[in-house]
Amino acid sequence: MQGYAAGFVAELSERSRLPLDYTVASLRLVDFVVDGLRRSTSERAAVEGVLRGLGAYAGEVVVRRAGARWVDLDERERELFGQPVGIRMPDGRVWNPLGKVVKRFEHGPAESLERFYLLLHGRRRPGGPERPGRCGDAAERAAC
């Protein structure tokens, strides 16, 4: 996903000069872009590729800033999240940034990506050690 996000950012930045710099503040820009997509169409299928790219970017921000890592989701998690990949936080919790972007598109400002990061449980404290995972099997991971 890291490569996918980087390719998406390069393409989008070239076309529209958006300052997607992998900072937490840039997630506000993702919110604005998704809101613009909402205004231009109500058909999710028409913007699915852009939403996926924005979700990969949002996930990569969490990976870089909060100590998460990309993971392939198991069958149960895929069914729950509706996505093939997610991010695992240092404490073992699994989150769905790709789905969060879709929620922003479908439900609007109540589903902010910036707020998603700021309220995200399981982040590594700046300068602090990673906490060991506390979620064991797939059922526990999905609940975390």
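If you take the residues of region 31-52 that are under 12 Å from the mean Cα position of the chain (by Cα) and buried (at least 20 other Cβ atoms within 10 Å of the Cβ), which of them is farthest from Asp21 (Cα to Cα)? Give the steps one after another, and end with the answer.
Our first condition is that a residue be under 12 Å from the mean Cα position of the chain (by Cα); within region 31-52, this holds for 31, 51-52.
Next cut, buried (at least 20 other Cβ atoms within 10 Å of the Cβ) only: 31, 51.
Working: Asp31: 15, Leu51: 18 Å.
Across region 31-52, the extreme among qualifying residues is Leu51.
Name the residues in region 110-140 that are in contact with a helix residue (DSSP H, G or I) (Cβ under 7 Å, 6 or more places away or on another chain), outside any loop (DSSP other than H, G, I, E, B) and either of a type outside the set (A, V, I, L, M, F, W, C) or modelled with pLDDT of 60 or more (or both), would you?
Glu111, Leu113, Glu114, Phe116, Tyr117
The values are calculated or read from the model by the stated rules, or taken from the named source; none is laboratory data. All of these numbers come straight from a predicted model, not from anything done at the bench. No Cβ is skipped: glycine too gets one built from the backbone with ideal geometry, and neighbour counts run over all protein chains shown.
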